Amino acid sequence: SGNWSTGGQCEAKYDIVSGYDGPALITIEATDLAGNLFVYSLPNSLAPSGGERLIADTTRPVFSGIQSEIGGNPEFAGFAQEGAEVRIRFNTSENLKFNPDVRINGNPANYDSLISNEYTYKYIVSGNDSGGNAVITVSGLDIALNEGTAETSSAAESFVIDRENPTMIIALPES
């Protein structure tokens with residue numbers, strides 16, 4: 001809005017308000033020096049170039065359904081020793097611009113696959129991992145660069161790193 005004097009192209013910028021998501025209606029209004037009004041609304045099915053639509057997106061992606069599976073230990077699937085391969089699966093609420101960053105106790109996990117909106121990552125437990133409940137963190141950007149994050153160390157979603165060998169004490173029967 002405002003008075004513009006130009007013999008050529010004009011440019012206007014608008015900051016999208018947080019909380020408004022969906023198609024954006026673009027309307028151009030111009031009045032010449034004689035007072036003639038020109039109004040044009042760009043149909044949302046069209047775009048200024050390339051046929052894309054302008055969609056406002058201020059919603060962060062949500063990561064849910066985090067699950068951990070330890071290979072090679074089916075009887076105690078929630079426990080991993082050094083060298084164990086852990087598969088981490090989770091869902092996203094929307095498509096992401098890049099593969100999300102997944103970390104176990106701050107160490108990067110490796111991307112394995114994406115089927116629909118379910119990601120799978122792999123992680124090999126190392127001697128540098130601290131024992132106890134593993135902290136799984138996931139962060140990623142959606143197409144509009146909104147960042148979503150999730151973190152868990154709950155037994156239902158995470159796993160326990162156990163690097164200690166068992167100890168045994170044998171006591172002789174008293175005579």
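The values are calculated or read from the model by the stated rules, or taken from the named source; none is laboratory data. All of these numbers come straight from a predicted model, not from anything done at the bench. Backbone-built Cβ (ideal geometry, glycine too); neighbour counts: all protein chains shown. Each accessible area value is taken on the protein alone, full model and side chains, heavy atoms only, with ligands, DNA and RNA left out. Shrake-Rupley method; radii C 1.70, N 1.55, O 1.52, S 1.80 Å.
Across all directions, the average flat footprint of the convex hull enclosing the Cα atoms of the stretch 99-145 is 3.8 nm². Each Lys and Arg contributes +1 and each Asp and Glu -1, all at the Cβ; summed about the Cα centre of the stretch 113-175, the dipole is approximately 160 debye. Here Rg and Dmax of the Cα atoms in Å was computed from the coordinates, and among (i) 18.0, 55; (ii) 18.7, 61; (iii) 27.3, 117 the match is (iii). Label-to-label distance, Q67 versus A34, with points set 7 angstrom from Cα along the beta-carbon direction: 7.1 nm.
For the stretch 84-124, the alpha carbon positions stretch 29, 17, 12 Å along the principal axes, listed from largest to smallest. For the residues V160, V135, V39, a GNM of the chain with alpha-carbon springs under 10 Å puts the largest fluctuation on V39. If you take all other residues with their beta carbon under 15 Å from the beta carbon of S64, and give Lys and Arg +1 and Asp and Glu -1, the sum is -3.
Extension gain, L114 to S41, is 22.3 nm, computed as 0.36 nm per intervening residue step minus the present C-alpha separation. Using R0 = 45 Å, the C-beta based FRET efficiency linking R60 and I169 works out to 0.30. Rounded to the nearest 5, the antiparallel percentage of DSSP beta bridges internal to the chain is 95%.
Charges at C-beta only: +1 for Lys and Arg, -1 for Asp and Glu. How large is the resulting dipole of the stretch 66-175 about its Cα centre, in Debye rounded to 20? For the stretch 66-175, the charge dipole is close to 200 debye. Mind checking which of T58, T92, T31 has the largest fluctuation in a GNM of the chain, springs on alpha carbons under 10 Å? Highest fluctuation among the options: T31. Between K122, K97, K13, the residue with the greatest mean-square fluctuation in the GNM of the chain (Cα pairs under 10 Å linked by springs) is K13.
The mean accessible area for residues of the chain, using a 1.4 Å probe and ignoring ligands and nucleic acids, is 72 Å² per residue.
Residues within the reach of a label modelled at S153 (point 7 angstrom out along Cα to beta-carbon, backbone nitrogen below 17 Å), restricted to the stretch 55-94, are 68, 79-80. Taking Lys and Arg as +1 and Asp and Glu as -1, the other residues whose beta-carbon sits under 11 Å from that of D162 total -2.
The fraction of accessible area contributed by carbon and sulfur in the chain is 50 percent, rounded to a whole number (1.4 Å probe; ligands and nucleic acids excluded).
Placing unit charges on each Cβ (+1 for Lys and Arg, -1 for Asp and Glu) gives the chain a dipole about its Cα centre, and among N36, A12, F98 the Cα reaching farthest toward its positive end belongs to N36. Its relative contact order, with pairs defined as Cα atoms under 8 Å and 6+ residues apart, puts the chain at 19 percent.
Gain in length, V160 to F79, computed as 0.36 nm per residue apart minus the alpha-carbon separation, to one decimal in nm?
Details: separation 81, 0.36 × 81 = 29.16 nm, distance 0.48 nm.
Here the segment from V160 to F79 would lengthen by 28.7 nm.
Under a Cβ-Cβ cut-off of 12 Å, what is the net charge of the residues other than A77 that fall near it, where Lys and Arg count +1 and Asp and Glu count -1? Around A77, the charge tally is -1. Averaging the Cα positions of each part gives two centres, and for the stretch 26-43 and the stretch 141-167 these lie 54 Å apart. With the charge dipole of the chain set up from +1 on Lys and Arg Cβ and -1 on Asp and Glu Cβ about the Cα centre, the Cα lying farthest toward the positive end among the listed residues N146, I66, N107 is that of N146. Note on exposure: E164, E174 ranked by accessible area (1.4 Å probe, complete protein assembly) read E174, E164, with the most exposed listed first.
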